Amino acid sequence: MANRIQKLVLRQRRLFHDVSHEVRSPLARIDVALELARVDPKHIPSSLDRIEKEVHAIDRLIEGLLTYARLEDSAELPTRPISARQLVETVREAIAFEGRTRSVKATLRDHLAEDIIFKANEDALLSALGNLARNALRYTPDGGEVHLELDRGPQSLILRCRDEGPGMPAAELNHIFDPFVRGSREKTGTGFGLGLAIAQSAVKSQGGTISVKNVQPHGLEFTISLPLHPSAAS
């Protein structure tokens with residue numbers, strides 16, 4: 001128990017440190033924008049645009065932290081019967097739309113003989129799979145594909161998401177679900193490193209597991225495994 005408490009305290013301290021670091025950067029850019037506007041009025045329009053952008057970034061960070069905190073609290077989430085096919089298709093359609101500007105397609109391989117209706121919190125699973133798919137979209141090159149897959153194990157529903165990016169060094173995979181962690185393949189600098197942490201917490205809140213691996217010839221594949229009650233439709 002003492003060891004567990006110590007780990008929780010250390011994790012909390014690290015989280016506070018990471019949050020302060022993430023907030024400091026947009027605040028610094030706001031300070032620069034304000035100074036430019038004071039020095040020369042012609043910079044006011046661009047400075048206001050910059051300030052607006054940074055305020056929105058801080059807002060996204062706070063929303064992500066609140067979502068992560070709610071899921072980490074292990075609070076029981078309401079459940080209802082949902083369709084496995086509808087769940088994945090909702091994410092596929094959203095990613096296909098978001099990928100249009102870069103000609104990135106979102107495809108679904110459905111291995112189910114019939115749809116599976118199971119009880120879960122739909123918002124949590126949409127958040128988890130949506131974060132994985134957007135991460136895949138981010139690293140898939142223009143004209144590529146984000147691959148979604150739907151399958152069934154002996155007592156589980158299997159959801160997979162694969163990108164066509166460069167993959168990730170094996171040493172970094174062990175920390176990929178930690179909050180505020182960005183791998184060396186990070187190229188855009190537009191995220192806070194919370195998406196995958198939220199995805200893992202969301203899956204765990206539904207009693208499931210999530211794993212990741214590099215695939216050949218290239219790319220990163222995430223697998224979500226959700227337990228199925230014997231009465232789930234198949």
**Request:** Consider L159 carefully, then state whether it is over 16 Å from the mean Cα position of the chain (by Cα) and at pLDDT 90 or above.
**Result:** no
**Prompt:** What number of residues in the range 147-166 are within 21 Å of Q206 (Cβ to Cβ), in a loop (DSSP other than H, G, I, E, B) and either open to solvent by 60 Å² or more (accessible area, probe 1.4 Å) or of a type in the set (A, V, I, L, M) (or both)?
**Reply:** 2
**Prompt:** Filtering the range 170-194 down to residues that are modelled with pLDDT of 80 or more and open to solvent by less than 60 Å² (accessible area, probe 1.4 Å), which residue is farthest from T140 (Cα to Cα)?
**Reply:** D178
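The values are calculated or read from the model by the stated rules, or taken from the named source; none is laboratory data. Just so we're clear, the structure is a prediction, and the values are computed from it rather than from any experiment. Every residue, glycine as well, gets a Cβ built from its backbone with ideal geometry; the counts of neighbours run over all protein chains shown. With ligands, DNA and RNA removed, areas are computed over all heavy atoms of the protein, side chains included. Shrake-Rupley method; radii C 1.70, N 1.55, O 1.52, S 1.80 Å.
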